[in-house]
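Peer 1: Attaching a single structure in structure tokens format; questions to follow.
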Amino acid sequence: MSFRDGDAAVILADGRVFRGTSFGAMRDAEGEVVFTTTMTGYQEVATDPSFRGQIVCMTYPLIGNYGVTPMDDQSRRPWISGMIVRNYCEWPSNWRSERTLGQYLAEHDIPAIQGVDTRALTRHIRNLGAMRGVICASVAGRALDTLRQRARTAWSPSDSNVVADVSVVEERVSGQGDLRVVLIDCGVKENVIASLTRRGASVTVVPFDTPFDEIAALNPDGVLTSPGPGDPENAGAALDTVRDMVDSGLPYFGVCLGHQLLGLAIGAHTSKLKFGHRGGNHPVLDRATGRVYITAQNHGYQVDADSVPTGLGWTVSHVSLNDGSVEGLRHDRLPVFSVQYHPEGSPGPMDNEYVFDEFLRVLRRRKSEREGAAI
Amino acid sequence: MSARAKRVLVIGSGPIVIGQAAEFDYAGTQACRALREEGIETILINSNPATIMTDEDVADVVYVEPLTPDVLRRVIMRERPDGLLPTLGGQTALNLAVRLAELGILERYGVRLLGTPLSAIQQAEDRQLFKELLQEIGEPVIESAIVHSIAEARAFAATTALPLIVRPAYTLGGTGGGIARTPEELDEITASGLAASPIHQALVERSLLGWKEIEYEVIRDGVDNAITVCNMENIDPMGVHTGDSIVVAPSQTLSDREYQMLRTSALKIIRALGIEGGCNVQYALDPHSFSYFVIEVNPRVSRSSALASKATGYPIARVAAKIAVGKRLDQIRNTVTEQTTAAFEPALDYCVVKIPRWPFDKFRRADRSLGTQMKATGEVMAIDRSFSAALQKAVRSLETDAHDLLWEDPVWVDPERLEHDVRVASDLRLWALATSLRRGAPDAEIARQSNIDPWFIREIGRIVDMERRLASEPIDDSLLWQAKRMGFSDDQIGALAGVDSAGIRERRYALDITPVYKMVDTCAAEFEAATPYYYSTYDEEDEAAPLEGGKAVVIGSGPIRIGQGIEFDYCSVQAAHALDAAGSHSIMINSNPETVSTDFDTSDRLYFESLDAESVGEILRHEGGGCLHTVPVILQFGGQTAINLAGPLTSRGVPVMGSSVDTIDLAEDRERFEAFLTRIGVPQPPGTAVTTLEGALDAASRLGYPILVRPSYVLGGRAMEVVHSAEYLAQYLASSVDFRTGHPILIDRYLEGKEVEVDAICDGEQVLIPGVMEHIERAGVHSGDSFAVYPGVNLYSSEVERIVEYTTRIALELGVIGLVNIQYVIHSARIYVLEVNPRASRTVPFLSKATGLPIIEIATRAMLGESLRSQGYEPGLWPRQPLVAVKAPVFSMAKLRGVEVNLGPEMKSTGEAMGIDNEFAPAFYKALLASGLAMSARSSILVSLADRDKPESLPMLSHLVRMGCDVYATEGTAQMIQDNGMPVQMVTKRIGRGSPDMLDVILNGVVQGVINTPGPASKEVLDGFQIRRAAVEKGIPCITSIDTAMAVVEAMRLSTGAYSVQPLPSYRNRVSVGY
């Protein structure tokens, strides 16, 4: 072992090994190795259910600086399989900080590694694609070739219905507003719910596999399908629900995985991106207005643009300025639309919260139309 | 939207002063190039010749003229631009554009203001309007009041608590502002603030001392797309001007909630203002809650935006220029990735640290404490993958006596002095923090005393912890690797471990511990990028494979400081262009984020690195594929910084292009140089080197007073003085010189006379002399602070011939290849050599502009082996141009309390302006206009002269009187004027003991100019000091040399109002006149 190498390592499926030292839990973990370019929000990244099963490389090199606070958790626990950073900070400084990132990850049994040349790792993934890997808190005395073997067959979130892992099991209601939104939880972040309740909605969060008739029975003004992890084709029951929804005429808003499910529901295809879109700086063009929005993104799959059915009223409403991929769908008559990015930020820009306004405006209008008709 | 502009006028920022430096050359140059890409013709005006933007190939039409409304009106009449871009030339250009609009000139000639509308500029700049806007959009503003008088300030103070901050409206670098802790201070600072504000308005507000200061750089286009380029966190909390703060990018202690909260606010503000282009929003953030206040918005590109551009790779000025002519963000290509557009936000995967460079090494008497008035002349930036490494690199880049954080001020043996320097922000605070930690003070205590976030304190603490390990543990391989990763230099490690730094280096090489170079790509490696912009780090993977083919490294000049300004950046950029034109790859190394040289478009490859021997050596070795003997380095253009590398690099076998290290040494080594001049038969003033006080006094009496004294180990005139008596010599040596260092003191006979300066290019066989410049001030005033005139107007042709002959002889005999600068004095009709510098001098850009000769290109080609003849140049003096060009020094004295204004052999100016015309008088007058020294006829002038200057001054005084000036004079001078039958009003020198005293007439605005030449007596020096300070703080011209005064009055007499305004080349293209 060289003087440069720490005890810990990330071993990729293609055999490349990155060395470092351990923080967080002292154990091994398998997952898909991806990177995110967000410069702040490591805690939100850790607790974003869309990262379920992923070993996340933070491209920003100074991580842990402002500690961890329960206030910033985006769900009930962290979901990442592991975290890879250049410099981990053990002396956080922020008025809200309650503990270090390392303590937090250790408590949730998540391994992490620091001292890694994260830029080299990022370039590797950029060139070869996101891949399976193993993060090991200690490789001392272990044969790297065995670990390479394990990395090749490591579990990855695309292998199973990971939505089922992260979704709530029981219904839960938030907010007091008069607009009733049912939120199909495929891995929702707290700020999606908060963004709706702040705007006067009461939100009923239901498990991902809630059938449409049960949702309809809640008599919602509109339905939102949340972001979530993994391959949309693996989302099972959630897809069936969305299919039924589109036909029902209920206002529907799909976010991220919810957007991909809408795509599948209307007959489009989805495919895996080489290394995904993960970060807080992704420019998206709204094709109707020509305006550009900076968005937070976290997805490994996309709706294929050329598979969106033509002649049925569907349009690609938003595209990524970076690679032209589909960032939003909209129907020209039905109150159905979706965005691939994360309007709730957390982490990331708050510029796109206006889409929640738009969604609730639709709900409000229909509600008042209905009430008007009733009189 | 109205028709697209086709001809656009771009206003530069004028001379370099504190608060307005090279960043606007960078911005303006980028803007002109961006507009050219759009097929738009550009007309550029700037009075500063030492800028790349005034090169004739950057804009389509170039004016080097004073930046006044009158000149601008004439430029507009002549060029008829349809657009004006006012937001790229700093506060100077912005104020001028506002003035032109107010005067109706823009409307009359159909010139549209491009980009940010005038209303937005006014709303952002006017404190009251800005406050109202913020309240309207629900953004928090600090309790404050706009005041126009001391009474109004007092009234506001009664409603809130001290301390209060006073910020004058429309000034640069916060001139005249300050923090008032007592009612008395409030009166005093309000008075100076109102005086400094052109609209006599100041903002008095609640002080947020101790809050975090955070900045966002924001860009918006004409269809309301808006992005943030980056944010920055000041390590120094609120209370220190952001230009004087140590800054880190991106923020380090903000959670995503806080980051996005302020980002959202910044976008809201740029939209509410309706800015089309870039702006900068500054915030105060409570370290204990989500509370924040908006401090300030700059509705233009700024020093911060230059820093943000270099920190992220996002070219803000370029994008702002394109937005100004109607492009949307998503229509502008991202030149870094070549794959994406300007509509995105950079993601950094490194940490950037900026440290200001202050002039206190030159101004030892200045008040070093830092507050709301900026005092730094320049800054350095460093990039690395950890904060500690970036910080330590930045410290090395400062090029001060403190090479690293190990430096301690001897006064800190006293713990109280140390604590004071931790508490009170000054240029030394960073070292005081490290010293305190080294002595075991707890982090929390230091954080409390300094109000600096504990995160930064702990980071410095980790550096100190590593120092301890290096000093106490055996340096094993792993420890060495860790220390390098934290940014420790070989010198530092060697010093701590008690071994030679070369040994550390060899050890590293044996272990293959060398830096890798990573790319600044705006996207954290998410996309493949094309940018050739790199920084070093100790990590696994290198991304900068050595450039193939012929190449040479140009060493830049580091931070802007007194004596080493933007001129050398100009030279470095020109050298890179010359290399490219000659078919060689150019590689630039520099540490200054403000400059054109660190624009990644300037060279084929940019390494943003410290300019110390280790950093430069590693790059040369890297580019040489592990060998130091293959890649040549150019040291002639980076000022003293680069020249200082000649020895260390040569000793390691690096090929230095042009003059050899022996040539450099010959010119710098006193004894060798003396012998050399004697051998080649060129006279120099008699002098000697001494190492004791007795020796000095002996030598002085032998040579005869006055004498010129200076320590041998510094250049650029530091601690140099003209001494008239033995008494003063003893005093000077006691206060300025430490004989124990063993460095000799140089004592020369001071020869009073005309000073002449020459720049020359030598190819080894022949010498081309672009021009001979005459100084207005006689020898004794530092050449950098002198007015220089091209061509010499008072020189006999025999003198010029002799100077050309000496210059040729010296250059050839010295073995110069490339540039040499020689200063002469003509004393009693004899010509003596004062100084020879075998490198580019600060007059090169001025002389290039005046003569039209591409001096740097010719010199670079000569260094590459192309003879002058083969380049098409005949040896000897380049034909005299049919014009007169005057270089005026520009000072920033008003910003530096406690600094003596009087000129001497030590350089004090921060910048220069050029006046060019067909004759001397209008050229000189324009130089005065451009440098802020012009006085109008019929003004009131206070004159107080040294006895030795009195006889010479009579013609000047009678001109003043005849022009209708009211002359005020102190006792002796008044007597002399009266005796000569001229009217004069006497004021007393005895301040406070007679009415009016000389301070009264200045401070009450009775006089509009001061001519004060100090005499030798120390009492008089003190009185004079007060009136000179009063004049600069009042913002009126203050002339301290009788030569300058006579020239100024002559120019007033001959030319007021009657000067030409035409494009720079037009002056040269007149029918040639004989020599």
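Peer 1: Based on what the data block shows, is B:Arg300 more than 11 Å from every other protein chain (Cβ to nearest Cβ), within 20 Å of B:Ala324 (Cα to Cα) and among the charged types (D, E, K, R)? Spell out the reasoning first.
Peer 2: Working: more than 11 Å from every other protein chain (Cβ to nearest Cβ): yes; within 20 Å of B:Ala324 (Cα to Cα): yes; among the charged types (D, E, K, R): yes.
Yes; evaluated as a whole, the condition is true for this residue.
Peer 1: Here is a list: A:Gly249, A:Gly328, A:Gly345, A:Gly300. Which entry is in contact with a strand residue (DSSP E or B) (Cβ under 6 Å, 6 or more places away or on another chain) and modelled with pLDDT under 95?
Peer 2: None of the other options fit; the residue is A:Gly345.
Peer 1: So the check is Cβ under 8 Å with 6+ separation or different chains; which pairs have a first residue in the range B:413-434 that's free of Cβ contacts under 8 Å to residues at least 12 places away in the same chain and a second one that's of a type outside the set (D, E, K, R) and surrounded by fewer than 22 Cβ atoms within 10 Å (Cβ to Cβ)?
Peer 2: B:Arg417/B:Val411
Peer 1: Residues A:Ser2, A:Ser81, A:Ser93: which one is more than 14 Å from chain B (Cβ to nearest Cβ) and either more than 13 Å from A:Gln114 (Cβ to Cβ) or surrounded by 24 or more Cβ atoms within 10 Å (Cβ to Cβ) (or both)?
Peer 2: Answer to the check: A:Ser81.
Peer 1: On the basis of being closer than 28 Å to B:Tyr533 by Cα and surrounded by fewer than 20 Cβ atoms within 10 Å (Cβ to Cβ), does B:Lys322 make the cut?
Peer 2: no
Peer 1: For the subset of the range B:228-270 comprising residues that are part of a helix (DSSP H, G or I) and of a type in the set (D, E, K, R), which member is farthest from the other protein chains (Cβ to nearest Cβ)?
Peer 2: As a first pass, look at the range B:228-270 and keep what is part of a helix (DSSP H, G or I): B:242-244, B:256-270.
Going one step further and asking which of them are of a type in the set (D, E, K, R), we end up with B:244, B:256-258, B:263, B:268.
Details: B:Asp244: 23, B:Asp256: 3, B:Arg257: 7, B:Glu258: 8, B:Arg263: 7, B:Lys268: 10 Å.
Among those that are part of a helix (DSSP H, G or I) and of a type in the set (D, E, K, R), it is B:Asp244.
Peer 1: In this structure, is B:Arg839 within 27 Å of B:Ala913 (Cβ to Cβ), of a type in the set (Lys, Arg) and in contact (Cβ under 8 Å) with a residue 12 or more places away in the chain?
Peer 2: So B:Arg839 passes the test.
Peer 1: Spot the failing condition for B:Glu866; the list is (1) touching a strand residue (DSSP E or B) at 6+ places or on another chain (Cβ under 9 Å); (2) assigned to a loop (DSSP other than H, G, I, E, B), and only one is missed.
Peer 2: (1)
Peer 1: Based on this model, can you work out whether B:Glu467 counts as more than 28 Å from B:Val516 (Cβ to Cβ), over 32 Å from the mean Cα position of the chain (by Cα), away from every other protein chain (no Cβ under 11 Å) and assigned to a helix (DSSP H, G or I)?
Peer 2: Judged against the criteria, B:Glu467 is not a match.
Peer 1: Further, regarding this structure: Residue under question is B:Ala524, and the condition is that it be more than 30 Å from A:His277 (Cα to Cα) and either aromatic (Phe, Trp, Tyr) or surrounded by 23 or more Cβ atoms within 10 Å (Cβ to Cβ) (or both); does it hold?
Peer 2: no
Peer 1: If I ask for residues that are acidic (Asp, Glu) and under 16 Å from B:Thr595 (Cα atoms), which ones from the range B:545-577 would you list? Reasoning before the result, please.
Peer 2: Our first condition is that a residue be acidic (Asp, Glu); within the range B:545-577, this holds for B:548, B:567, B:569.
Selection gives B:Glu567, B:Asp569.
Peer 1: Going through B:Leu437, B:Leu433 one at a time, which residue ends up being assigned to a helix (DSSP H, G or I), of a type in the set (A, V, I, L, M) and within 14 Å of another protein chain (Cβ to nearest Cβ)?
Peer 2: Values: B:Leu433 fails: within 14 Å of another protein chain (Cβ to nearest Cβ).
Every option except B:Leu437 fails the conditions.
Peer 1: Quick one: which residue in A:Gly24, A:Gly41, A:Gly15 is more than 14 Å from chain B (Cβ to nearest Cβ), within 25 Å of the chain's Cα centre (by Cα) and over 18 Å from A:Leu273 (Cα atoms)?
Peer 2: Step by step, each of A:Gly24, A:Gly41, A:Gly15 is checked, and only A:Gly24 is more than 14 Å from chain B (Cβ to nearest Cβ), within 25 Å of the chain's Cα centre (by Cα) and over 18 Å from A:Leu273 (Cα atoms).
Peer 1: Return a yes/no flag: does the range B:343-359 have any residue that is away from chain A (no Cβ under 11 Å), assigned to a strand (DSSP E or B) and closer than 29 Å to A:Asn322 by Cβ. Walk me through how you get there before you give the answer.
Peer 2: Taking the range B:343-359 and keeping what is away from chain A (no Cβ under 11 Å), we get B:352-359.
Next cut, assigned to a strand (DSSP E or B) only: B:352-357.
Remaining after also requiring closer than 29 Å to A:Asn322 by Cβ: B:352.
The answer is yes; a qualifying residue exists.
Peer 1: Looking for whichever is in contact (Cβ under 8 Å) with a residue 60 or more places away in the chain and not in a loop (DSSP other than H, G, I, E, B) here; the options are B:Val820, B:Val816, B:Val793. Which one fits?
Peer 2: Values: B:Val816 fails: not in a loop (DSSP other than H, G, I, E, B); B:Val793 fails: not in a loop (DSSP other than H, G, I, E, B).
Going through B:Val820, B:Val816, B:Val793 in turn, just one is in contact (Cβ under 8 Å) with a residue 60 or more places away in the chain and not in a loop (DSSP other than H, G, I, E, B): B:Val820.
Peer 1: Still on this structure, I have one more. With the requirement that a residue be under 18 Å from A:Val242 (Cβ atoms) and of a type in the set (S, T, N, Q), what does the range A:332-375 give you?
Peer 2: Residues satisfying the conditions are A:Ser338, A:Gln340.
Peer 1: Continuing with this model, one more query. Just to check your reading of the model, which residue among A:Thr36, A:Thr69, A:Thr59 is within 13 Å of chain B (Cβ to nearest Cβ), modelled with pLDDT of 95 or more and surrounded by fewer than 24 Cβ atoms within 10 Å (Cβ to Cβ)?
Peer 2: A:Thr69
Peer 1: Does A:Gly141 satisfy the criteria of being closer than 28 Å to B:Asp256 by Cβ, at pLDDT below 95 and not polar (S, T, N, Q)?
Peer 2: Here the answer is no, as A:Gly141 does not meet what is asked.
Peer 1: Among the numbered criteria (1) at pLDDT below 95; (2) farther than 30 Å from B:Ser909 by Cβ, which single criterion is violated by B:Leu370?
Peer 2: (2)
Peer 1: Here is a further query. When residues of the range B:478-528 are filtered for being within 14 Å of another protein chain (Cβ to nearest Cβ), touching a residue at least 24 places away in the same chain (Cβ under 8 Å) and not hydrophobic (A, V, I, L, M, F, W, C), how many remain?
Peer 2: So the answer is 13.
Peer 1: Going by the conditions given, is B:Glu801 part of a helix (DSSP H, G or I) and surrounded by fewer than 24 Cβ atoms within 10 Å (Cβ to Cβ)?
Peer 2: Taking the combined requirement at face value, the residue satisfies it.
Peer 1: Could you list, ordered by first residue, the pairs with Cβ atoms under 9 Å in which the first is in the range A:285-305 and within 10 Å of chain B (Cβ to nearest Cβ) and the second is surrounded by fewer than 22 Cβ atoms within 10 Å (Cβ to Cβ) and of a type in the set (Phe, Trp, Tyr), at least 6 apart or interchain?
Peer 2: A:Tyr293/A:Tyr354
Peer 1: Inside the range A:128-155, can you point out the residues that are in contact with a Ser or Thr (Cβ under 8 Å, 6 or more places away or on another chain) and either part of a strand (DSSP E or B) or exposed (fewer than 15 other Cβ atoms within 10 Å of the Cβ) (or both)?
Peer 2: Across the range A:128-155, the qualifying residues are A:Arg132, A:Ile135.
Peer 1: What single numbered condition from (1) touching a residue at least 40 places away in the same chain (Cβ under 8 Å); (2) more than 23 Å from B:Tyr570 (Cβ to Cβ); (3) of a type in the set (A, V, I, L, M, F, W, C) fails to hold for B:Leu864?
Peer 2: Every condition holds for B:Leu864 apart from (2).
Peer 1: Hey, another quick one. Check B:Leu162, B:Leu129, B:Leu186, B:Leu134 and return the single one that is assigned to a loop (DSSP other than H, G, I, E, B) and within 21 Å of B:Arg206 (Cβ to Cβ).
Peer 2: Being assigned to a loop (DSSP other than H, G, I, E, B) and within 21 Å of B:Arg206 (Cβ to Cβ) holds for just one of B:Leu162, B:Leu129, B:Leu186, B:Leu134, which is B:Leu162.
Peer 1: Here is a further query. If you go through the range B:965-982 one residue at a time, do you hit one that is part of a loop (DSSP other than H, G, I, E, B), under 35 Å from the mean Cα position of the chain (by Cα) and closer than 30 Å to B:Ala726 by Cα?
Peer 2: Within the range B:965-982, not a single residue is part of a loop (DSSP other than H, G, I, E, B), under 35 Å from the mean Cα position of the chain (by Cα) and closer than 30 Å to B:Ala726 by Cα.
Peer 1: Restricting to the range B:33-66, what's the tally of residues that are among the basic types (Lys, Arg) and either over 14 Å from B:Lys6 (Cβ atoms) or in contact (Cβ under 8 Å) with a residue 40 or more places away in the chain (or both)?
Peer 2: The number of residues fulfilling the criteria is 1.
Peer 1: On to the next question. Here are some residues: B:Gly104, B:Gly90. Which one is in contact with a Leu (Cβ under 9 Å, 6 or more places away or on another chain) and on the phi > 0 side of the Ramachandran plot?
Peer 2: Testing whether each residue is in contact with a Leu (Cβ under 9 Å, 6 or more places away or on another chain) and on the phi > 0 side of the Ramachandran plot leaves just B:Gly90.
Peer 1: Now, a different point. Yes or no: the range A:120-127 includes at least one residue that is over 22 Å from A:Asp7 (Cβ atoms), in contact (Cβ under 8 Å) with a residue 24 or more places away in the chain, away from chain B (no Cβ under 12 Å) and outside any loop (DSSP other than H, G, I, E, B). Reasoning before the result, please.
Peer 2: To start, the set of residues in the range A:120-127 that are over 22 Å from A:Asp7 (Cβ atoms) comprises A:122-123, A:125-127.
After this cut, where a residue has to be in contact (Cβ under 8 Å) with a residue 24 or more places away in the chain as well, the list is A:122, A:125-126.
From what's left, away from chain B (no Cβ under 12 Å): none.
No - not one qualifying residue is present in the range A:120-127.
The values are calculated or read from the model by the stated rules, or taken from the named source; none is laboratory data. These numbers come from a predicted model, not from an experiment. Cβ coordinates were reconstructed from backbone atoms using ideal geometry, including for glycine residues, and neighbour counts include every protein chain displayed.
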